[in-house]
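Inspection log for the structure reproduced underneath, given as structure tokens.
The values are calculated or read from the model by the stated rules, or taken from the named source; none is laboratory data. Quick caveat, the model's predicted, so the values are computed rather than measured. Cβ atoms come from the backbone with ideal geometry, glycine included; neighbour counts cover every protein chain shown. Side chains are part of the model used for accessible areas, which takes the heavy atoms of the whole protein and leaves out ligands, DNA and RNA. Shrake-Rupley method; radii C 1.70, N 1.55, O 1.52, S 1.80 Å.
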Amino acid sequence: MSALPAVLPGICAAGSSAVQAPTVSWSGAIQRNLSDQLFAWLDHAAPGSRPPIDTPAPDGKTALMAAAAAGDAALLARLLALGARPDQVNAKGASALIYGAWAGNPAVIELLLRQRVPLDQAASNGWTAMTMAAAKGRATVIRQLLAAGAAVDPPDIYGWTPLMRACNLGRENVVRVLRERGGASLARINTSGQTALHVAAAAGQMAIYRWLLAQGADPTLRDFQQRRPIDLVPGSVSGR
């Protein structure tokens, strides 16, 4: 599964040129994470022309989610001050916190955590903010989420935990944070019966593989096809 799942529609680079009046629609600014355009709507739109602050784009994405995705803490704070709801989700269940974890700005995460947003809100694919942060390699965000009490091992619809995602993508620093600070489980299995050690082996992430062994991961466990982790290493000729 991609590190950027389809539950986060409209991810792209935020706009950067200063404007005095909005030149794209409210919905268009949200979909494209155009911080400058959203600020223009807030500051320069004609009276009565701006939709209510929580009016979403067609996919359910709100201005607050766009601010989080753009990593724009100033815009996010402005929207919150105007009454934007931080607990809303898009059409696939993704929250502003998940968008914020994708972008990785700790200031955005801190603002959302102060709003006591649901920490373990899961999108339709089962990804939480913790999963997204792990997949994107956001170690600082993971520390913030753990300190706030977020679950460290939420499984997605394939049974993959954040630790598994980090192992698969080679996020060694995140693997260490999840395990050392969050106590992430080495024994959890996904829908293929594979542990994080299996996942690291299959991805050829041998530094992570060796570190997990040192942490006590069991190299004898077999997946549902009776394969040990070492059997999944690319090019492995080990027996079963």
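For the full complex of protein chains and a 1.4 angstrom probe, list Val233, Val141 by accessible area with the highest value first.
Val233, Val141
Summarise the accessible area of segment 94-168 (1.4 Å probe, protein heavy atoms) by the percent that is carbon and sulfur.
48
How far, in nm, would the chain grow between Asp120 and Ala91 when pulled straight, counting 0.36 nm per residue and subtracting the alpha carbon separation?
Between Asp120 and Ala91, full extension yields an extra 8.7 nm.
So how much slack lies between Ala214 and Glu180, counting 0.36 nm per residue of separation and subtracting their Cα-Cα distance, in nm?
11.0 nm
On average, how much accessible surface per residue is there in the chain, in Å², for a 1.4 Å probe, leaving out ligands, DNA and RNA?
On the way: 10080 Å² over 240 residues.
On a per-residue basis, the chain sits at 42 Å².
With θ set to phi - 60°, apply the Karplus curve 6.51 cos²θ - 1.76 cosθ + 1.60 along segment 47-53 and write out the HN-Hα couplings as whole Hz, x wherever there is a Gly or Pro.
x, x, 8, 7, x, x, 4
Report Rg(Cα)/(2.2 N^0.38 Å) for segment 72-119, keeping two decimals.
The value comes to 1.03.
Could you please report the charge total around Ile189, scoring K, R as +1 and D, E as -1 over all other residues with beta-carbon less than 12 angstrom from its beta-carbon?
Charge balance in the 12 Å sphere: -1.
Given the -39500 (n - 2.57) contribution per DSSP H run of 4+ residues, what per-residue ellipticity at 222 nm results for the chain, rounded to the nearest 500 deg cm²/dmol?
The helix-only estimate for the chain comes to -11000 deg cm²/dmol at 222 nm.
Among Ala133, Leu42, Ala107, which residue has its Cα furthest toward the positive end of the charge dipole of the chain, with +1 on Lys/Arg Cβ and -1 on Asp/Glu Cβ?
Comparing the listed Cα positions along the dipole, Ala133 ranks first.
Calculate, axis by axis, the spread of Cα positions in segment 102-146 along the three principal axes, and write the results as whole Å, longest axis first.
26, 22, 17
Modelled label-to-label distance, Gln20 and Gln226, 7 Å Cα→beta-carbon offset: nm?
Placing both labels 7 Å beyond Cα along the Cβ direction yields 7.6 nm.
Among residues other than Met164 whose Cβ falls under 10 Å from its Cβ, what is the net charge (Lys/Arg +1, Asp/Glu -1)?
Surrounding charge for Met164 is 0.
So for the chain, Kirkwood radius off the Cα pairs, Stokes-Einstein at 4 °C and 1.567 mPa s: how many µm² s⁻¹?
Here the translational diffusion coefficient equals 69 µm²/s.
Using the alpha carbon gyration tensor of segment 111-210, what are the three equivalent-ellipsoid semi-axes (square root of 5 times each eigenvalue), largest first, in whole Å?
22, 15, 10
Let a ≥ b ≥ c be the square roots of the eigenvalues of the Cα gyration tensor of segment 157-212; is it rounded (a/c under 1.5), or, if not, prolate (a/b larger than b/c) or oblate? Spell out each step's value before the answer.
Working: a/c = 1.72, a/b = 1.17, b/c = 1.47.
Taking the square roots of the gyration eigenvalues as a ≥ b ≥ c, segment 157-212 is oblate.
Report the local net charge at Leu38: Lys and Arg +1, Asp and Glu -1, summed over other residues whose C-beta lies under 15 Å from its C-beta. Provide the component values of the computation, followed by the final result.
Values: positive: Arg32, Arg50, Lys61, Arg78; negative: Asp36, Asp43, Asp54, Asp72.
For residues surrounding Leu38, the net value is 0.
Which of the peptides 125-134, 186-195 is most tightly packed, and how do the rest follow, going by the mean number of other Cβ atoms within 10 Å of each residue?
Final packing ranking: 125-134, 186-195.
Using the Cα centre as the reference, give the magnitude of the dipole from point charges on the C-beta atoms of the chain (Lys, Arg: +1; Asp, Glu: -1; all else neutral), rounded to the nearest 20 debye.
460
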